[in-house]
Structures are given as structure tokens and as C-alpha cells.
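What follows is one structure encoded as C-alpha cells, with my remarks underneath.
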Amino acid sequence: MKVKFWGVRGSYPVPGISTNKYGGNTPCIEVRLNNGQLIIIDAGTGIRMLGQELINNGFGSGKGRADILISHTHWDHIQGFPFFKPLFIDGNQFTIHARPSNHLHLKEIISYQNKDCYLPIPFNAVKANLDFVEIDADQKFRIGDAVVKTFKLNHPNIAIGYRIEADGKVFAVVSDTAPFENVLIGEQFIPKPPSTLTEEEERTLGELQFKLNSVLEDVDFMVYDTFFQVNEYVKNPHWGHSTPEHGIDLCLESGVPRMALFHHAPGNTDEILDGMQNYYRLKSKETHVEVIVAREGEEIIL
Amino acid sequence: MEITFYGVRGTVAVPGPETNEFGGNTPCVHIRTKKEYNIIIDAGTGICGLSRKLLATPLGKGQGEISILLSHTHLDHIQGFPFFIPVFIPGNRIQVYGSHPEESDLKTILDGQLQASFSPIYGMSNFAATLDIKELDAQPLSIDGTTVTHSMMPHRGIKSTAYRIEEDGKALVYMSDVEHEGGHAGENAVQFAQSAQILIHDTHFTAEDYAKSRGSGHSSIETAIELAKRANVRQLVMFHYSPDYSDDVIREIYRRYNDQSGLTLIPAQEGLKLIL
């Protein structure tokens, strides 16, 4: 199994000289099985560049086929769809898996951005065959030669994490999520950090944490939301993002040997991310959890 | 007035080394009037960078006021708005102006990008600043010593709003996201841009690519040059570059047309400042 990063930035794309190394595109990860089967995770602006590469590999002649797993439908995870060229070629086949929200059908959510008032590209310009599969947490399903498990993440309006097992390896994407310290998965705006927990909230968080720890056992490589550094998280725990420390703790609890810092904050320049890479490389000598900083264009072979 | 470019790219933000010179952020132009009032045209991702700079002004303390003029509501022109930090600071007053969109009203469309499925903000009612969204009527706006008039331009199925901002008898015209009928500006567009000191115009395409992309709602560099000449405009700013154009391509377009156009051609570039 090969994992390739096409977009690693959170919130919004950040062009400019200070993101040349790690990349400024919003989330998109390519998972390629040994037999060539393609699974794409999230459709941030990074999917535009992936699309250009796919055009030269079967998708240009309408013979492409892929599954797209969406963690959640906040803009930065779906905004690349209209610019994914293989969608506009007859014959290509895509299955889009995501959890619908806000009482809307998944297709309505994905195509909402194609309304005349938002984009000059109507959704009926899509020529590929699209299947929309509405999923939820705690499911297990098969995509070709891969077995996928879904789990609930602690993010406003809920995000879904994915565990993908194929070729004798296990890969997991855990983004976007806060640690399970406060309940953030409600359907209302969270203007400030939640106050003390009720018993029910504690139970909910405990259950989510337990499920996450269980699903991550035997994972070989995890991609984790590390939007914040520790001092930033303290100020904004209600935003639904984590720190590298939270990710390392999770690896230690679940026995995950290797993780990538992912969903970098827009303000995290190459210089800052280089600093984090050095710091966490040293730290891994104590924790024995290998930490890399996800970088656009980087391939990880599992 | 002082004009600074924060986003010059069309359609979608394009990070990467190929866009370092001219910039990969979607449209946002900042205007500081003689009296140091802030006007922003369009709220693409460029507004995120501008936002951080404005925190050093009274907008950072919740004591500021700013006017945002929207050309239209395609996402590349509004996607930065939820990340414009002054909207989260109580006390600020944010005026947003735009034309009445055909399919709905301006507030509903701006709110649409913040609904629960797409954003953790859940709607503009959660902005802390005082937000005032005004749909334009035929009357010119008067914004702190400047006069702002507008005109509607065809943009693939919808209309975009062109703005003319005048201060002390000098005029800046912003005409982005437009495809003039047949690729040639109509008389109303020529009149609207007439004798402006600076015209910022959609130059999404080269002439060759435009020929292949008619109906996309955007203009070629040649259309823009022709309009500038007919309207007696001396300085034309190239704007809203195709996301497929690298710095090399943009530089080549500039070189090719700068001499032959007979006017001062200025390729918009993030950070570029023009004084009028």
C-alpha cells in the first residue's frame, strides 16, 4: 500500500513562498493498493493536482475508477471537487462515501457549491458516473481489496475517521478531531470552550475514546490532525483540532508505531514545520513513536 | 488612494512554487483612501493575509469600520470572508456591498457558505462584529470622501458588478469576472471605464485559450486591452489569472503585450501597491 499526500493544509489553501516545502493545498490523500486500486481521502484543493496526474493514467480516456472517502464536508475537505478534472470525463466511475449532515442528502451537500451563485460550473457538467454512499461511524465495509472501518471524531458537526486495511497493512486517517476532553460533536455553534462536563458527557467521551483506541490497534501508520501546538490548543480547545502531543499519546495507547502530523494551520510556515519536524524527531527517541510532518507530494510505502 | 493587491488568481487558490511571483490567492484588493479609510474589493483567500495586517489598525481592537465591495458571490470571491478576523472582534462595523443576485438575496447566499454542513461557524449571526449587508441600488455610494458607482457585467449566466471608485477627480475601475458579448466590450462598459486612471480587468485567458473557452464567463488579455484603449485608459492591470497559468506563462503574456499594447500594462501581483 502506498500513501501519497496531495494536500496537507487545514482551513483554507495558503499559497506563497512560506508554504513551498510542505504545501498550501487543503486535504487530499491518495491511497494506492498494490494492485493499483485507488482510494482518495478528502477532496480539498489538493485533489486538483491529483486529478491532473490521473488524467495521464487511464482517467483521461474515461477508464478510471476510484472511491473517495470524505472525513466531513467542511469546505476545506470538499472545495477541490469542482476542479477535479476526471469528473468531467465520460466513463470514469467514482463512489463518494461520506456522512451526510444537516438533514441534507450527500449529493445535495457535495453539489451545493455548484449552484449558479457560487460557481460557474453547473453540477450537470460532471460526466463521470458518480455513486453517493451515505455512511456513518462504526461501520465496516469492503472496497475492492480493502476493508474500511469508520469511527467518530470529535469535531463540530462530527467528522469520520477511516481505518483502511489492505495488502497486509493498516492505515488510518484521524482528522479533523480534537482529543476527547470536551464534547464538540453537537450541531450548534460552539462560541467558547465548554465548561465542566456532565456525567453523560463524560460517558460519551469515554466511549468515543475507547472505540478510537480499539480501532487503531494494529494500525501501521496514522495521519492525525495537528492543527494546534500546545499553547494554541489551550486557547481554542472548542475548535475541534488537536496537537502533536495528543497524537503521540494516542499512538502510545493504541500501539501505533508511526504517525504523520497533518492539517497544518494556515500560519504554520515551512520554517515552523521544519522546527516541529526536528523537535518531534528527537522526541521519538523517548516515545519510540516515529513522527513525520506530512508534506505535499510525499509518498509513504507501507 | 493607495491600492494593494492581496489576491489576483481566478477560480481556485493555487499554492506552489509556480505561483510564487504573481501569487496564488483568489481575488482581494485593498484600497486605503486619503483619509485612511479601508475599502476591500472581493473576499477571496487573499483577504486572509490582509486580515492579519488590519489587526494593527483599530479593527484589531474592535474599534474599526471597513467596507467590503463584492463583485459577485462565486466562491473564489467570498471564500475568505469566514476567515476575515475582524468579523470575530466585537465592536467592529463591517459594511458589505453587492448587487442583488438573481436567484436569492446577498445575505442568504453569504450565509449559505457558513451553514452547518460546510463550516463550524453555522451562519453569519455568529460573527461578533456588527455586520451590515447592503444591496446596491442606482444611487452612487459615498464612502468616506470617495464616490463609488457600479455597473453590471455579463459573467456566464449571472452578472458581476464592476466598481468605479473616485477620489479627488481620479478614478479606479475594477471590472473582474466578465465576458463581454462576443469578446468585445459593449458601449456601457466603455463608458463606465472612460478615462479611469487605472483599470483592473479580468485577463483570465490568453487570446488562444479564450478562443477555446468561449462562454466560460472570462476575458482574454486582448479584450481587456481593446476596452482600455477605447475608454482612454492608460494603465491596465492584468487580473484574475487562470489557475492553470504559472508565473512563466503570466510573465510571457505580459512581455508579449506590454510593448504592442501602447498602454502601461501592469500584471497584478500579490503585494503590489499602486498610488492614485
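Here are the numbers for the structure shown:
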quantity	calculated
Among the candidates A:Gly23, A:Gly44, residue that is at pLDDT 95 or above, more than 10 Å from chain B (Cβ to nearest Cβ) and either open to solvent by 30 Å² or more (accessible area, probe 1.4 Å) or within 18 Å of B:Thr19 (Cβ to Cβ) (or both)	A:Gly44
The one condition in (1) within 30 Å of B:Arg156 (Cα to Cα); (2) within 14 Å of chain B (Cβ to nearest Cβ) that A:Asn157 fails to fulfil	(1)
Failed item, numbered, when A:Val234 is tested on (1) under 22 Å from B:Ile121 (Cα atoms); (2) aliphatic (A, V, I, L, M); (3) in a loop (DSSP other than H, G, I, E, B)	(3)
Region B:239-276: number of residues that are more than 14 Å from chain A (Cβ to nearest Cβ), over 16 Å from B:Ala228 (Cα atoms) and not hydrophobic (A, V, I, L, M, F, W, C)	6
Selection count where residues are open to solvent by less than 10 Å² (accessible area, probe 1.4 Å) and over 17 Å from A:Pro120 (Cβ atoms), scope region B:5-15	3
Residue satisfying all of: in region B:148-173; among the aliphatic types (A, V, I, L, M) and more than 20 Å from B:Thr33 (Cα to Cα); least open to solvent (accessible area, probe 1.4 Å) among these	B:Met153
Matching residues in region A:114-137 - criterion: being open to solvent by 40 Å² or more (accessible area, probe 1.4 Å) and closer than 20 Å to A:Leu69 by Cβ	A:Asn129, A:Asp131, A:Phe132, A:Val133, A:Glu134, A:Asp136
Residue selected from region A:1-20 under the condition more than 10 Å from every other protein chain (Cβ to nearest Cβ) and closer than 23 Å to A:Ala159 by Cβ, by the criterion surrounded by the most Cβ atoms within 10 Å (Cβ to Cβ)	A:Val8
Residue within region A:98-113 that is open to solvent by less than 10 Å² (accessible area, probe 1.4 Å), part of a loop (DSSP other than H, G, I, E, B) and more than 10 Å from every other protein chain (Cβ to nearest Cβ) present	no
Subset of region A:26-41 [more than 10 Å from chain B (Cβ to nearest Cβ) and surrounded by 20 or more Cβ atoms within 10 Å (Cβ to Cβ)]	A:Pro27, A:Cys28, A:Ile29, A:Glu30, A:Val31, A:Leu38, A:Ile39, A:Ile40, A:Ile41
Candidates B:Arg52, B:Arg32, filtered to the one that is open to solvent by 40 Å² or more (accessible area, probe 1.4 Å) and within 17 Å of the chain's Cα centre (by Cα)	B:Arg32
Scan of region A:203-248 for residues that are open to solvent by 10 Å² or more (accessible area, probe 1.4 Å) and at positive phi, ordered by number	A:Asp218
Residues located in region A:143-172, provided they are open to solvent by 20 Å² or more (accessible area, probe 1.4 Å) and out of contact with any helix residue (DSSP H, G or I) (no Cβ under 8 Å at 6 or more places or on another chain)	A:Gly144, A:Asp145, A:Val147, A:Ile158, A:Glu165, A:Asp167, A:Gly168, A:Lys169
Residue in region B:73-115 that is farthest from the other protein chains (Cβ to nearest Cβ), counting only those that are surrounded by fewer than 24 Cβ atoms within 10 Å (Cβ to Cβ) and in contact with a His (Cβ under 8 Å, 6 or more places away or on another chain)	B:Ser99
Test result for B:Tyr122, in contact with a Phe, Trp or Tyr (Cβ under 8 Å, 6 or more places away or on another chain) and either aliphatic (A, V, I, L, M) or crowded, with 17+ Cβ neighbours inside 10 Å (or both)	yes
Out of B:Gly157, B:Gly145, sole residue that is in contact (Cβ under 8 Å) with a residue 24 or more places away in the chain and within 11 Å of chain A (Cβ to nearest Cβ)	B:Gly157
Count of residues meeting criterion [assigned to a loop (DSSP other than H, G, I, E, B) and within 14 Å of another protein chain (Cβ to nearest Cβ)] in region A:237-285	8
Odd one out for B:Gly215, checked against (1) at negative phi; (2) within 14 Å of chain A (Cβ to nearest Cβ)	(1)
Sole exception among (1) open to solvent by 20 Å² or more (accessible area, probe 1.4 Å); (2) in contact (Cβ under 8 Å) with a residue 24 or more places away in the chain; (3) polar (S, T, N, Q) for A:Thr177, by number	(1)
Condition check for A:Gln79: open to solvent by 20 Å² or more (accessible area, probe 1.4 Å) and either free of Cβ contacts under 8 Å to residues at least 12 places away in the same chain or farther than 21 Å from B:Gln79 by Cβ (or both)	no
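The values are calculated or read from the model by the stated rules, or taken from the named source; none is laboratory data. Keep in mind that this is a model prediction, so the values were computed, not measured. Methodologically, a virtual Cβ is constructed for each residue, glycine included, from the backbone with ideal geometry; neighbour enumeration extends over all protein chains shown. For the accessible areas, the whole protein counts, side chains as well, though only heavy atoms, and no ligand, DNA or RNA atoms are used. Shrake-Rupley method; radii C 1.70, N 1.55, O 1.52, S 1.80 Å.
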